[in-house]
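The next block holds one structure in the form of C-alpha cells; read it before the comments.
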Amino acid sequence: METIQLHTKSRPSTVLCGAGALSEAKSFLQGKECFVVTDSNVLRLYADTISQTFPGASVCAVPAGERHKNRCSLFAILDAMLDARLHRSSVVVALGGGVVGDMAGLAAALYMRGTRLVQVPTTLLAQVDSSVGGKTAVDYRGVKNVIGAFYQPERVFCDPLFFRTLPPREIRCGLGEIVKTGVLDPAVGDMIKENKGSLRDLSFLQQLAAACVRFKARVVEEDETERSGLRKCLNLGHTTGHALELMYGRRSHGEYVLIGMWLESHIAEREGVCTPAYAREVRSMIALALPRIPAFPGAAGALRYALLDKKNEGQGTVSMILPKERGAYAELALPADRYAAYLALLEDPCR
C-alpha cells in the first residue's frame, strides 16, 4: 500500500492506495461518529461490508446515477445529516463513485459550515481522479458542477477490492481519466503504452491508480483552487466531454472525456497548437481505451452546453485545454461558430 500526502493550504490530505486500504479506513474511523453517504448500487453490493467497516454509523443511500447529482439529492443528504444530529466533529464518509463523492463532499462542506470528510471511492474513476483534490459539486439547470466548493477530505482510502464488482463500462469510464493523465504526465503515459495489453488487468489498474493520484497531488498542491491556472490542465477533454454528456447522456463520464480528447486533439492539430504527429499519438492512446469513436448526430447542438463551461471567460467563446506536446498543454478560446464547426466532426468521426 502506498501513502500519498497532499500539502494543500486549506487542509492537508492523506491518500492511501492499495490492498488493505478499507481496513485502514476502519481503524482510522474507530470510535468516531460516522455518517456514511452511498448510493443504491453500492448499498446493494456492499451492505455487509458497510455494516462491518462502519459499525453503528448512520447510512444515507441516494439513487445511483449522474442524473441524481442535483440539489434534491444534496438536500436529502443534508436532511439525513440533521436528523442524525451530526456535529462538527462527526465524520462524513463518502462511499461510492464520483457522484457520491462530489455530493457527500459538498454536504460536508455546507453542514455547520464544515464537518470532517473521508472519501472511500469505489469506482476506478473515483480512485484515479475525483476523490482526490477537494472538488465537490452538484449539477444545476443543465450545467455540470456549477454549484460547489473546494473542500479537502482528511483521508482518501483507495482499495482495489471494489474493482472486482465493476462492470466493463465502469472500467472504461476510469480509463478515460487515466488516459487523460497519461497525456499530461509522461510517466503515466509510458506506463499505459508499455502495458497496453494490461489495461483491464486489475492489479495493473491498481498501479495506474496510484500513479495518477501522485500526479494529481502535485498539481493540486501547486494550485488548489485553480487560481494560478495549473489545475486547469486536469480539464483536458472535459469541455467537449461535458457538453456531449449533458446533451446525449447514456454513456459514462469517462467515455465522454475520451471522446472530448479525441475531438480536441483534432482542434489542437488544426489550430496549430500541436503537431499532426503528436495529435495522432494522443489519439492512439485514446484508442487503447475506446477503439471506436461513436457518431453523434446533431453534435453541433452541444455548443449551447459548451458555452456554459466554467472555464469560459468571454461571451461567445469556448475555452479548452488542449494537448500541446509530450507532458504539456495549452489553453485555447475559440469563437462559438468555429467551435461548433469542429463539433460537427463528431457526426461522422470515421471520415
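The values are calculated or read from the model by the stated rules, or taken from the named source; none is laboratory data. No experiment lies behind these values; they were computed from the predicted model shown. A quick note on method: Cβ atoms are made from the backbone with ideal geometry, for glycine too, and the neighbour counts reach across all protein chains shown. Keep in mind that these areas ignore ligands, DNA and RNA; they rest on the heavy atoms of the full protein, side chains included. Shrake-Rupley method; radii C 1.70, N 1.55, O 1.52, S 1.80 Å.
Taken over the stretch 56-77, the criterion of being at pLDDT 95 or above and assigned to a helix (DSSP H, G or I) is satisfied by 68, 71, 72, 73, 74, 75, 76, 77.
Restricting the stretch 66-82 to residues that are touching a strand residue (DSSP E or B) at 6+ places or on another chain (Cβ under 8 Å) and open to solvent by 30 Å² or more (accessible area, probe 1.4 Å), the residue that is farthest from residue 246 (Cα to Cα) is 76. Listed by first and then second residue, the pairs linking a residue in the stretch 126-147 that is more than 19 Å from residue 237 (Cβ to Cβ) and assigned to a strand (DSSP E or B) to a residue that is β-branched (Val, Ile, Thr) and open to solvent by less than 40 Å² (accessible area, probe 1.4 Å), with Cβ atoms under 6 Å apart and 6 or more places separating them unless they lie on different chains, are 147/138.
Residues in the stretch 262-283 that are closer than 19 Å to residue 241 by Cα and not charged (D, E, K, R): 262, 263, 265, 266, 267, 268, 279, 282.
When residue 4 is tested against the conditions (1) in contact with a helix residue (DSSP H, G or I) (Cβ under 6 Å, 6 or more places away or on another chain); (2) surrounded by fewer than 20 Cβ atoms within 10 Å (Cβ to Cβ); (3) in a helix (DSSP H, G or I), the lone failure is (3).
Restricting attention to the stretch 148-188, report how many residues are in a loop (DSSP other than H, G, I, E, B) and either buried (at least 20 other Cβ atoms within 10 Å of the Cβ) or in contact with a helix residue (DSSP H, G or I) (Cβ under 9 Å, 6 or more places away or on another chain) (or both).
From the stretch 148-188, those in a loop (DSSP other than H, G, I, E, B) are 151-154, 159, 166-167, 185; that's our starting set.
Restricting the remaining residues to those that are either buried (at least 20 other Cβ atoms within 10 Å of the Cβ) or in contact with a helix residue (DSSP H, G or I) (Cβ under 9 Å, 6 or more places away or on another chain) (or both) gives 151-154, 159, 166, 185.
Counting residues in the stretch 148-188 that are in a loop (DSSP other than H, G, I, E, B) and either buried (at least 20 other Cβ atoms within 10 Å of the Cβ) or in contact with a helix residue (DSSP H, G or I) (Cβ under 9 Å, 6 or more places away or on another chain) (or both) gives 7.
Within the stretch 114-123, is even one residue assigned to a helix (DSSP H, G or I) and either at pLDDT below 95 or buried (at least 24 other Cβ atoms within 10 Å of the Cβ) (or both)? No, that holds for no residue. Could you tell me whether any residue of the stretch 191-205 is of a type in the set (Asp, Glu), part of a loop (DSSP other than H, G, I, E, B) and surrounded by 17 or more Cβ atoms within 10 Å (Cβ to Cβ)? No, there is no match, as no residue in the stretch 191-205 is of a type in the set (Asp, Glu), part of a loop (DSSP other than H, G, I, E, B) and surrounded by 17 or more Cβ atoms within 10 Å (Cβ to Cβ).
Out of the stretch 187-202, which residues are under 23 Å from residue 1 (Cα atoms) and either touching a residue at least 24 places away in the same chain (Cβ under 8 Å) or touching a His at 6+ places or on another chain (Cβ under 6 Å) (or both)? Result: 187, 188, 189, 192, 199, 200, 202. Please find, within the stretch 7-45, the residue that is nearest to residue 219 (Cα to Cα) out of those that are modelled with pLDDT under 95 and surrounded by 14 or more Cβ atoms within 10 Å (Cβ to Cβ). Taking the candidates together, the pick is 8.
Quick check on the stretch 46-55. Is at least one of its residues aromatic (Phe, Trp, Tyr), open to solvent by 30 Å² or more (accessible area, probe 1.4 Å) and part of a helix (DSSP H, G or I)? Within the stretch 46-55, none of the residues are aromatic (Phe, Trp, Tyr), open to solvent by 30 Å² or more (accessible area, probe 1.4 Å) and part of a helix (DSSP H, G or I).
Test residue 163 against the criterion of being closer than 17 Å to residue 16 by Cα and of a type in the set (Phe, Trp, Tyr), and give yes or no.
Values: closer than 17 Å to residue 16 by Cα: yes; of a type in the set (Phe, Trp, Tyr): yes.
Judged against the criteria, residue 163 is a match.
Where the second residue is β-branched (Val, Ile, Thr) and buried (at least 17 other Cβ atoms within 10 Å of the Cβ) and the first is free of Cβ contacts under 8 Å to residues at least 24 places away in the same chain and farther than 16 Å from residue 157 by Cβ and lies in the stretch 203-223, which pairs have Cβ atoms under 9 Å and are six or more apart or on separate chains? If the second residue must be β-branched (Val, Ile, Thr) and buried (at least 17 other Cβ atoms within 10 Å of the Cβ), no pairs are left.
Name the helices (runs of 4 or more DSSP H) wholly within the stretch 232-351 that hold at least 2 residues that are open to solvent by less than 30 Å² (accessible area, probe 1.4 Å)? Please lay out each step first, then the result.
Numbers: elements: 238-248, 253-270, 276-289, 303-306, 336-343.
Answer list for the stretch 232-351: 238-248, 253-270, 276-289, 336-343.
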